[in-house]
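The values are calculated or read from the model by the stated rules, or taken from the named source; none is laboratory data. These numbers were taken from a predicted model, which means no experiment stands behind them. Cβ sites come from the backbone with ideal geometry, for glycine too, and all protein chains shown count toward neighbours.
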Amino acid sequence: MKAMFIFYVADQASTKNFYESVLALKPTLDVPGMTEFSLPDGSKIGFMPNAGIKQLLGDKFPDPAQAAGIPRAEIYLVVNDPLSYHQRALEAGALEIQSLQEMPWGDTVAYSLDPDGHVLAFAKGGE
C-alpha cells in the first residue's frame, strides 16, 4: 500500500512553485487540476485547486475555499536536514510558526505555514 495526500489550494501554479523550491523536487504530475510530488519513501503529496474539489463536492458540502488561510492540515516530513528545508520554505514565502526545536516525543522539528495556511513541519527523528 502507498499513500497519497491531497491538499486543496487557492492557486495551483503558485503552490507548485513553492513546493518545487522547498522540496528541491520537480513534480511527477502537473496538469490542470492536480500537481503531484513523489517523495523518496514512495508516498505522494498532491495539490488540487479549491475550484476542482468544489466541483467534485457539489453544493452538498461547504466550499473549501471558505476556510482559506485557516490551518486545517499538517504536512509533516521527516528529512535529514530539517533546518535547510525550513529555511527554503521561509525564503519561498512560508510564515514561521516555530524555529527548529527538540520536541518531547524526540523529533527535532521546525514549523511554518505554507501560502495556503497548511502547517508545514520538517523533522529529524530522535535517535
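Look through region 37-49, keep the residues that are closer than 18 Å to Ala121 by Cβ and among the hydrophobic types (A, V, I, L, M, F, W, C), and return whichever of them is surrounded by the fewest Cβ atoms within 10 Å (Cβ to Cβ).
Out of the qualifying residues, it is Leu39.
Report every pair of residues separated by at least 6 positions or lying on different chains whose Cβ atoms are under 9 Å apart, first residue within region 90-108 and over 26 Å from Lys16 (Cα atoms), second of a type in the set (Asp, Glu) and at pLDDT 95 or above.
Filtered contacts from region 90-108: Thr108/Glu102.
Take the residues in region 87-116 that are touching a strand residue (DSSP E or B) at 6+ places or on another chain (Cβ under 9 Å) and in a loop (DSSP other than H, G, I, E, B); name whichever of them is surrounded by the fewest Cβ atoms within 10 Å (Cβ to Cβ).
Out of the qualifying residues, it is Met103.
How about region 61-87: which of its residues are out of contact with any Lys or Arg (no Cβ under 8 Å at 6 or more places or on another chain) and modelled with pLDDT of 80 or more?
Pro71, Arg72, Ala73, Glu74, Ile75, Tyr76, Leu77, Leu83, Ser84, Tyr85, His86, Gln87
How many residues are surrounded by fewer than 15 Cβ atoms within 10 Å (Cβ to Cβ), free of Cβ contacts under 8 Å to residues at least 60 places away in the same chain and closer than 21 Å to Ala110 by Cα if we restrict to region 1-36?
The number of residues fulfilling the criteria is 1.
Look at region 39-82 and say how many of its residues are more than 18 Å from the chain's Cα centre (by Cα) and either in contact (Cβ under 8 Å) with a residue 24 or more places away in the chain or more than 20 Å from Lys16 (Cα to Cα) (or both).
Of the residues in region 39-82, 10 are more than 18 Å from the chain's Cα centre (by Cα) and either in contact (Cβ under 8 Å) with a residue 24 or more places away in the chain or more than 20 Å from Lys16 (Cα to Cα) (or both).
For region 71-86, which positions are of a type outside the set (A, V, I, L, M, F, W, C) and not in a loop (DSSP other than H, G, I, E, B)?
The answer is Glu74, Tyr76, Pro82, Ser84, Tyr85, His86.
Restricting the search to region 1-54, which residues are acidic (Asp, Glu) and part of a strand (DSSP E or B)?
Asp30, Glu36
Taking the condition in contact with a strand residue (DSSP E or B) (Cβ under 8 Å, 6 or more places away or on another chain) and under 20 Å from Val79 (Cα atoms), does Leu29 pass?
no
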